[in-house]
């Protein structure tokens, strides 16, 4: 079975990341899932911004958590002459609601508000009536556990940038459903996917754009493949399968 294609920060190879346009394009391109990163504004609103600061992804300056929602909204989050507004999580939840598209929500750490973002996320999902479409993720095991405590029926991913001894066996803590290695880890240790599967954990892999990496994930039986270019990755999977 082909991996499910997850649009990493939307179709971010073609539109500014974490903008509504990037996510709408990903849906048009047939992405099975969307991925976003979330942080809290100073006044407690959930916003879709990857970095701790605004410098890279907007024309603004400052730390996301030190600015109010109204202040964050004054900046432009587009690029190449295509202006874009700040994306709040509520808008993205409305986009996927009533569709078959899954939404992978990554909480960023460390942050000044600790696990407040996980609590706010659980509240937002309850308010929108969303559960089965949502997968929560974090590189912080503490964050994944905190979210599981808040929303025990929503699936989770423990993201990994290293295969430390406690996870190299493929076994995860009980509050993590899927394992989330970077594709660089699978290049070095392709057997990790099977070891994880043996322990009941399917694999979410980030961030996969190159043909060789796409082939690797397909051949290993990866379940979720995060990519910046959903349409091209779908084409590569199709070409490989028909060859």
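The values are calculated or read from the model by the stated rules, or taken from the named source; none is laboratory data. In this text the structure is predicted, and so the values were computed from the model without any measurement. Methodologically, a virtual Cβ is constructed for each residue, glycine included, from the backbone with ideal geometry; neighbour enumeration extends over all protein chains shown.
Inside the stretch 130-141, can you point out the residues that are over 15 Å from residue 37 (Cα atoms) and in contact (Cβ under 8 Å) with a residue 12 or more places away in the chain? Answer for the stretch 130-141, where residues must be over 15 Å from residue 37 (Cα atoms) and in contact (Cβ under 8 Å) with a residue 12 or more places away in the chain: 130, 131, 133, 141. Close Cβ contacts (under 8 Å, 6 or more residues apart or on different chains) running from residues in the stretch 198-212 that are on the phi > 0 side of the Ramachandran plot and surrounded by 12 or more Cβ atoms within 10 Å (Cβ to Cβ) to residues that are assigned to a strand (DSSP E or B) and modelled with pLDDT under 95 are absent. If you filter the stretch 1-12 down to residues that are assigned to a loop (DSSP other than H, G, I, E, B) and in contact with a strand residue (DSSP E or B) (Cβ under 8 Å, 6 or more places away or on another chain), you find that the one that is farthest from residue 73 (Cα to Cα) is 3. For the stretch 13-51, name all the residues that are in contact with a strand residue (DSSP E or B) (Cβ under 6 Å, 6 or more places away or on another chain) and either more than 23 Å from residue 224 (Cβ to Cβ) or assigned to a helix (DSSP H, G or I) (or both). If the condition is that a residue be in contact with a strand residue (DSSP E or B) (Cβ under 6 Å, 6 or more places away or on another chain) and either more than 23 Å from residue 224 (Cβ to Cβ) or assigned to a helix (DSSP H, G or I) (or both), then 16, 23, 26, 41, 47 are the ones that fit. Going through 53, 19, 57, 107 one at a time, which residue ends up being touching a helix residue (DSSP H, G or I) at 6+ places or on another chain (Cβ under 8 Å), on the phi < 0 side of the Ramachandran plot and in contact (Cβ under 8 Å) with a residue 40 or more places away in the chain? The unique qualifying residue is 107.
Kindly evaluate residue 131 against the criterion of being more than 20 Å from residue 44 (Cα to Cα) and in a helix (DSSP H, G or I). No, not satisfied.
Here residue 113 meets each of (1) closer than 23 Å to residue 207 by Cβ; (2) more than 16 Å from the chain's Cα centre (by Cα); (3) in contact (Cβ under 8 Å) with a residue 40 or more places away in the chain with one exception, condition (1). Is the stretch 160-176 home to any residue that is touching a residue at least 40 places away in the same chain (Cβ under 8 Å) and either over 17 Å from residue 218 (Cβ atoms) or surrounded by 20 or more Cβ atoms within 10 Å (Cβ to Cβ) (or both)? The answer is no, given that none of the residues of the stretch 160-176 is touching a residue at least 40 places away in the same chain (Cβ under 8 Å) and either over 17 Å from residue 218 (Cβ atoms) or surrounded by 20 or more Cβ atoms within 10 Å (Cβ to Cβ) (or both). Filter the stretch 81-104 down to the residues that are more than 20 Å from residue 35 (Cα to Cα) and without any contact (Cβ under 8 Å) to a residue 40 or more places away in the chain, then identify the one that is nearest to the chain's Cα centre (by Cα). Restricting to residues being more than 20 Å from residue 35 (Cα to Cα) and without any contact (Cβ under 8 Å) to a residue 40 or more places away in the chain, the top hit is 83.
Checked against (1) farther than 26 Å from residue 207 by Cα; (2) buried (at least 19 other Cβ atoms within 10 Å of the Cβ); (3) within 20 Å of the chain's Cα centre (by Cα), residue 67 meets all criteria but (3). With the requirement that a residue be within 14 Å of residue 17 (Cβ to Cβ) and modelled with pLDDT of 95 or more, what does the stretch 65-103 give you? Passing the criteria: 76, 77, 78, 84, 85, 86, 87, 92.
Apart from one condition, residue 75 fits all of (1) within 19 Å of the chain's Cα centre (by Cα); (2) over 21 Å from residue 139 (Cα atoms); (3) assigned to a loop (DSSP other than H, G, I, E, B); the exception is (1).
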